[in-house]
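The structure appears below as C-alpha coordinates.
The values are calculated or read from the model by the stated rules, or taken from the named source; none is laboratory data. Remember, predicted model here, so these are calculated numbers, not experimental data. With ideal geometry, Cβ positions are generated from the backbone for all residues, glycine too; neighbour counts draw on all protein chains shown. Ligands, DNA and RNA are stripped out before the accessible areas are found, and what is left, the full protein with its side chains, is counted by its heavy atoms. Shrake-Rupley method; radii C 1.70, N 1.55, O 1.52, S 1.80 Å.
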Amino acid sequence: MTRLEQNDINEIATTLVDYDEALIRKTGCSLKEIAAQATGRRISELFDQNPQIAVIPMTCGQGIIEGFVESVASIITHLGFKVTITESRDTGGVAEAVQSGAEILFMADDDRFVAVNLRTGKVSDNGDATGRGYAVALEHMCAGLQDKKVLLIGAGPVGNSAALALAGCGAKVSVYDLNLSSSQRLFRELEKQGYTARLETDLEAALVRHHILLDACPAEDVIMLRHITTDMMIAAPGIPLGVQALGVEQLSERLLHDPLQIGVATMILDVL
Ligand code: 2YC
(Lines give C-alpha, C1' and ligand atoms only; values in the text may rest on other atoms or scores of the structure.)
Protein backbone atom coordinates (compact mmCIF):
# COMPACT_ATOMS: atom_id res chain seq x y z
CA MET A 1 0.00 0.00 0.00
CA THR A 2 1.43 3.37 -0.99
CA ARG A 3 1.99 5.82 1.83
CA LEU A 4 1.24 9.42 0.84
CA GLU A 5 3.85 12.07 1.39
CA GLN A 6 3.23 15.65 2.40
CA ASN A 7 4.04 16.95 -1.07
CA ASP A 8 1.44 14.64 -2.61
CA ILE A 9 -1.33 16.40 -0.67
CA ASN A 10 -0.14 19.86 0.31
CA GLU A 11 -2.15 21.64 -2.42
CA ILE A 12 -5.45 19.78 -2.05
CA ALA A 13 -7.20 22.11 0.39
CA THR A 14 -6.45 25.25 -1.64
CA THR A 15 -7.19 23.88 -5.11
CA LEU A 16 -10.48 21.99 -4.66
CA VAL A 17 -12.55 24.50 -6.66
CA ASP A 18 -10.12 24.32 -9.62
CA TYR A 19 -9.90 20.53 -9.17
CA ASP A 20 -13.69 20.20 -9.40
CA GLU A 21 -13.84 22.45 -12.49
CA ALA A 22 -11.20 20.26 -14.17
CA LEU A 23 -13.13 17.14 -13.16
CA ILE A 24 -16.27 18.53 -14.81
CA ARG A 25 -14.28 19.29 -17.99
CA LYS A 26 -12.90 15.72 -18.06
CA THR A 27 -15.99 13.76 -17.02
CA GLY A 28 -18.98 16.10 -17.25
CA CYS A 29 -19.56 15.43 -13.54
CA SER A 30 -18.65 17.16 -10.29
CA LEU A 31 -16.83 15.34 -7.48
CA LYS A 32 -20.13 14.96 -5.61
CA GLU A 33 -21.88 13.54 -8.71
CA ILE A 34 -19.08 11.02 -9.29
CA ALA A 35 -19.21 9.94 -5.63
CA ALA A 36 -23.02 9.74 -5.68
CA GLN A 37 -22.95 7.49 -8.74
CA ALA A 38 -20.18 5.33 -7.24
CA THR A 39 -22.30 4.77 -4.14
CA GLY A 40 -25.74 4.53 -5.75
CA ARG A 41 -26.95 7.65 -3.88
CA ARG A 42 -29.21 10.36 -5.31
CA ILE A 43 -27.77 13.86 -4.83
CA SER A 44 -31.26 15.12 -3.91
CA GLU A 45 -31.43 12.76 -0.91
CA LEU A 46 -28.13 14.09 0.43
CA PHE A 47 -29.18 17.68 1.01
CA ASP A 48 -30.93 17.03 4.30
CA GLN A 49 -28.13 14.77 5.54
CA ASN A 50 -26.11 16.74 8.04
CA PRO A 51 -24.22 14.25 10.21
CA GLN A 52 -21.48 15.33 12.57
CA ILE A 53 -18.19 14.14 11.06
CA ALA A 54 -14.78 13.90 12.75
CA VAL A 55 -11.34 13.22 11.31
CA ILE A 56 -8.89 11.72 13.79
CA PRO A 57 -5.09 11.94 13.43
CA MET A 58 -3.40 8.57 14.04
CA THR A 59 0.23 8.44 15.23
CA CYS A 60 0.64 4.64 14.96
CA GLY A 61 3.05 2.97 12.54
CA GLN A 62 5.00 5.55 10.54
CA GLY A 63 2.92 8.23 12.21
CA ILE A 64 1.24 11.42 11.16
CA ILE A 65 1.48 12.64 7.53
CA GLU A 66 1.69 16.41 7.68
CA GLY A 67 -1.51 17.78 6.12
CA PHE A 68 -3.32 14.43 5.81
CA VAL A 69 -6.26 15.00 8.18
CA GLU A 70 -6.54 18.62 6.99
CA SER A 71 -6.74 17.45 3.36
CA VAL A 72 -9.40 14.86 4.22
CA ALA A 73 -11.41 17.48 6.14
CA SER A 74 -11.15 19.99 3.27
CA ILE A 75 -12.64 17.46 0.80
CA ILE A 76 -15.53 16.73 3.16
CA THR A 77 -16.14 20.48 3.59
CA HIS A 78 -15.98 20.98 -0.20
CA LEU A 79 -18.83 18.45 -0.54
CA GLY A 80 -20.93 20.61 1.81
CA PHE A 81 -20.67 18.68 5.07
CA LYS A 82 -19.63 19.89 8.54
CA VAL A 83 -16.41 18.30 9.80
CA THR A 84 -14.01 18.74 12.69
CA ILE A 85 -10.47 17.49 13.28
CA THR A 86 -10.08 16.17 16.82
CA GLU A 87 -7.60 17.89 19.15
CA SER A 88 -6.47 14.53 20.49
CA ARG A 89 -4.94 11.73 18.47
CA ASP A 90 -5.45 7.97 18.38
CA THR A 91 -7.67 6.57 21.15
CA GLY A 92 -8.06 10.00 22.75
CA GLY A 93 -9.22 11.32 19.39
CA VAL A 94 -11.81 8.56 19.04
CA ALA A 95 -13.10 9.26 22.58
CA GLU A 96 -13.20 13.02 21.89
CA ALA A 97 -15.10 12.48 18.63
CA VAL A 98 -17.68 10.14 20.19
CA GLN A 99 -18.20 12.38 23.22
CA SER A 100 -18.68 15.41 20.95
CA GLY A 101 -21.52 13.52 19.23
CA ALA A 102 -19.76 12.67 15.99
CA GLU A 103 -21.68 10.12 13.93
CA ILE A 104 -19.04 9.49 11.25
CA LEU A 105 -15.31 9.03 11.92
CA PHE A 106 -12.44 9.12 9.40
CA MET A 107 -9.08 7.69 10.43
CA ALA A 108 -6.06 6.07 8.80
CA ASP A 109 -3.16 3.99 10.01
CA ASP A 110 -0.50 2.67 7.61
CA ASP A 111 -2.63 -0.26 6.48
CA ARG A 112 -6.20 1.00 6.32
CA PHE A 113 -7.95 4.33 5.77
CA VAL A 114 -11.62 4.03 6.76
CA ALA A 115 -14.80 6.00 7.29
CA VAL A 116 -17.15 4.50 9.88
CA ASN A 117 -20.75 5.40 10.69
CA LEU A 118 -21.21 4.77 14.42
CA ARG A 119 -25.00 4.79 14.11
CA THR A 120 -25.41 2.34 11.20
CA GLY A 121 -22.20 0.35 11.57
CA LYS A 122 -21.40 1.08 7.91
CA VAL A 123 -17.64 1.05 7.07
CA SER A 124 -16.05 2.34 3.87
CA ASP A 125 -12.46 1.48 2.98
CA ASN A 126 -10.45 3.98 0.95
CA GLY A 127 -9.09 1.36 -1.48
CA ASP A 128 -12.51 -0.05 -2.34
CA ALA A 129 -14.10 3.39 -2.53
CA THR A 130 -11.32 4.79 -4.73
CA GLY A 131 -11.66 1.92 -7.20
CA ARG A 132 -15.41 2.47 -7.57
CA GLY A 133 -15.09 6.25 -7.84
CA TYR A 134 -12.42 6.05 -10.53
CA ALA A 135 -14.38 3.47 -12.53
CA VAL A 136 -17.38 5.83 -12.61
CA ALA A 137 -15.14 8.73 -13.65
CA LEU A 138 -13.56 6.69 -16.45
CA GLU A 139 -16.98 5.64 -17.69
CA HIS A 140 -17.95 9.31 -18.02
CA MET A 141 -14.60 10.22 -19.62
CA CYS A 142 -15.34 7.60 -22.30
CA ALA A 143 -19.07 8.43 -22.64
CA GLY A 144 -19.90 4.89 -21.55
CA LEU A 145 -17.87 1.66 -21.43
CA GLN A 146 -20.40 -0.85 -22.80
CA ASP A 147 -18.46 -3.51 -24.79
CA LYS A 148 -15.30 -1.39 -24.71
CA LYS A 149 -11.92 -2.96 -23.79
CA VAL A 150 -10.37 -1.54 -20.62
CA LEU A 151 -6.93 -2.47 -19.31
CA LEU A 152 -6.76 -2.59 -15.51
CA ILE A 153 -3.16 -2.32 -14.27
CA GLY A 154 -2.61 -3.35 -10.64
CA ALA A 155 -4.79 -5.99 -8.95
CA GLY A 156 -4.52 -4.58 -5.42
CA PRO A 157 -7.45 -3.26 -3.31
CA VAL A 158 -8.08 -0.30 -5.66
CA GLY A 159 -7.65 -2.36 -8.83
CA ASN A 160 -9.92 -5.18 -7.64
CA SER A 161 -12.67 -2.74 -6.76
CA ALA A 162 -12.23 -0.82 -10.02
CA ALA A 163 -12.24 -3.99 -12.16
CA LEU A 164 -15.57 -5.18 -10.74
CA ALA A 165 -17.09 -1.72 -11.14
CA LEU A 166 -15.80 -1.47 -14.75
CA ALA A 167 -17.22 -4.90 -15.59
CA GLY A 168 -20.49 -3.75 -14.04
CA CYS A 169 -20.52 -0.87 -16.58
CA GLY A 170 -20.31 -3.44 -19.40
CA ALA A 171 -16.58 -3.02 -20.06
CA LYS A 172 -14.49 -5.93 -21.32
CA VAL A 173 -11.84 -5.86 -18.60
CA SER A 174 -8.27 -7.06 -19.18
CA VAL A 175 -6.26 -7.54 -16.01
CA TYR A 176 -2.51 -7.11 -15.61
CA ASP A 177 -0.45 -7.26 -12.44
CA LEU A 178 3.29 -7.66 -11.99
CA ASN A 179 2.38 -10.55 -9.72
CA LEU A 180 0.69 -13.20 -11.91
CA SER A 181 -1.16 -14.81 -9.00
CA SER A 182 -2.78 -11.44 -8.17
CA SER A 183 -4.03 -10.91 -11.72
CA GLN A 184 -5.14 -14.57 -11.95
CA ARG A 185 -7.14 -14.20 -8.72
CA LEU A 186 -8.90 -11.08 -10.02
CA PHE A 187 -9.47 -12.70 -13.43
CA ARG A 188 -11.13 -15.69 -11.74
CA GLU A 189 -13.29 -13.40 -9.59
CA LEU A 190 -14.51 -11.55 -12.67
CA GLU A 191 -15.29 -14.85 -14.41
CA LYS A 192 -17.06 -16.12 -11.28
CA GLN A 193 -19.27 -13.04 -11.29
CA GLY A 194 -20.26 -13.83 -14.86
CA TYR A 195 -18.12 -11.25 -16.67
CA THR A 196 -15.96 -11.92 -19.72
CA ALA A 197 -12.47 -10.94 -18.72
CA ARG A 198 -9.00 -11.27 -20.19
CA LEU A 199 -5.74 -12.03 -18.40
CA GLU A 200 -2.74 -10.03 -19.64
CA THR A 201 0.77 -11.28 -18.88
CA ASP A 202 2.71 -8.95 -21.20
CA LEU A 203 2.22 -5.29 -20.24
CA GLU A 204 3.95 -3.91 -23.32
CA ALA A 205 1.63 -5.86 -25.64
CA ALA A 206 -1.39 -4.98 -23.47
CA LEU A 207 -0.59 -1.26 -23.68
CA VAL A 208 -0.50 -1.49 -27.46
CA ARG A 209 -3.85 -3.31 -27.54
CA HIS A 210 -5.79 -1.06 -25.13
CA HIS A 211 -6.61 2.63 -25.40
CA ILE A 212 -8.67 2.88 -22.20
CA LEU A 213 -6.62 2.33 -19.06
CA LEU A 214 -7.23 2.30 -15.34
CA ASP A 215 -3.81 2.45 -13.69
CA ALA A 216 -4.14 1.34 -10.07
CA CYS A 217 -0.51 0.28 -9.58
CA PRO A 218 1.95 2.06 -7.26
CA ALA A 219 4.74 2.50 -9.81
CA GLU A 220 6.11 5.34 -11.89
CA ASP A 221 6.86 5.20 -15.62
CA VAL A 222 4.58 2.29 -16.45
CA ILE A 223 2.75 4.16 -19.23
CA MET A 224 5.29 5.85 -21.48
CA LEU A 225 4.95 8.51 -24.16
CA ARG A 226 5.34 5.81 -26.85
CA HIS A 227 2.20 4.05 -25.56
CA ILE A 228 0.00 7.12 -25.76
CA THR A 229 -2.37 7.41 -28.72
CA THR A 230 -4.61 10.33 -29.64
CA ASP A 231 -7.73 8.52 -28.37
CA MET A 232 -6.23 7.18 -25.14
CA MET A 233 -8.16 7.75 -21.89
CA ILE A 234 -6.47 7.09 -18.55
CA ALA A 235 -7.88 7.11 -15.02
CA ALA A 236 -4.94 6.68 -12.65
CA PRO A 237 -5.63 6.35 -8.91
CA GLY A 238 -2.24 4.73 -8.41
CA ILE A 239 0.31 6.72 -6.38
CA PRO A 240 2.85 7.69 -7.61
CA LEU A 241 1.30 8.46 -11.04
CA GLY A 242 2.22 5.72 -13.49
CA VAL A 243 2.23 7.97 -16.57
CA GLN A 244 5.64 9.30 -17.69
CA ALA A 245 5.81 13.11 -17.34
CA LEU A 246 5.99 13.71 -21.11
CA GLY A 247 2.86 11.61 -21.47
CA VAL A 248 0.98 13.70 -18.90
CA GLU A 249 1.32 16.77 -21.13
CA GLN A 250 0.26 14.82 -24.22
CA LEU A 251 -2.84 13.42 -22.48
CA SER A 252 -3.88 16.70 -20.83
CA GLU A 253 -7.63 16.43 -20.09
CA ARG A 254 -7.66 12.72 -21.05
CA LEU A 255 -5.85 11.84 -17.80
CA LEU A 256 -7.51 11.75 -14.36
CA HIS A 257 -5.28 11.45 -11.30
CA ASP A 258 -5.65 12.67 -7.72
CA PRO A 259 -4.18 11.46 -4.41
CA LEU A 260 -7.33 11.59 -2.21
CA GLN A 261 -10.27 13.54 -3.65
CA ILE A 262 -12.29 10.85 -5.44
CA GLY A 263 -11.58 8.24 -2.74
CA VAL A 264 -12.60 10.45 0.19
CA ALA A 265 -15.70 11.79 -1.61
CA THR A 266 -16.83 8.22 -2.31
CA MET A 267 -16.11 7.16 1.29
CA ILE A 268 -18.29 9.88 2.79
CA LEU A 269 -21.28 9.09 0.54
CA ASP A 270 -20.72 5.37 1.20
CA VAL A 271 -21.36 5.78 4.93
CA LEU A 272 -23.90 8.63 5.02
O1 2YC B 1 -1.80 11.53 9.55
C2 2YC B 1 -2.26 10.41 9.86
O3 2YC B 1 -3.27 10.26 10.61
C4 2YC B 1 -1.60 9.18 9.30
N5 2YC B 1 -1.75 8.05 10.24
C6 2YC B 1 -2.21 8.86 7.92
C7 2YC B 1 -1.52 7.67 7.28
C8 2YC B 1 -2.16 7.36 5.92
C9 2YC B 1 -1.40 6.23 5.27
N10 2YC B 1 -2.08 5.79 4.06
C11 2YC B 1 -1.84 6.34 2.88
O12 2YC B 1 -1.01 7.22 2.73
C13 2YC B 1 -2.64 5.80 1.73
C14 2YC B 1 -3.38 6.89 1.01
C15 2YC B 1 -3.12 6.79 -0.45
C16 2YC B 1 -4.82 6.64 1.23
C17 2YC B 1 -4.85 5.29 1.72
N18 2YC B 1 -3.65 4.91 2.06
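Shape descriptor for region 143-258: Rg over Rh equals 0.94 (Cα atoms; Rh from the Kirkwood inverse mean 1/r). Most tightly packed first, judged by the mean number of other beta-carbon atoms within 10 Å of their residues, the peptides 33-40, 176-183 read 33-40, 176-183. Dividing the summed -39500 (n - 2.57) terms of all DSSP H runs of n ≥ 4 by the residue count of the chain sets its mean residue ellipticity at 222 nm at -13000 deg cm²/dmol. Beyond 28 Å, the tail of the calculated P(r) for the chain holds 33 percent of the Cα pairs.
Of all DSSP beta bridges confined to the chain, the antiparallel ones make up roughly 25%. Could you pull out which residues in region 237-272 have an amide N less than 20 Å from a spot 7 Å beyond the Cα of residue 143, following the Cα-Cβ vector? Of the residues in region 237-272, 251-256 have backbone N under 20 Å from the label point off residue 143. For residue 24, the solvent-accessible surface with a 1.4 Å probe is about 80 Å², rounded to the nearest 10. On the beta carbon distance between residue 119 and residue 204, with R0 = 51 Å, the FRET formula returns roughly 0.55. Placing a pseudo-label 7 Å from each Cα along the Cα-to-Cβ vector at residue 185 and residue 70 gives an inter-label distance of 3.7 nm. Would you please give the FRET efficiency between residue 88 and residue 1, computed as 1/(1 + (r/R0)^6) with r the Cβ-Cβ distance and R0 = 30 Å, to the nearest 0.05? According to the calculation, E is roughly 0.75.
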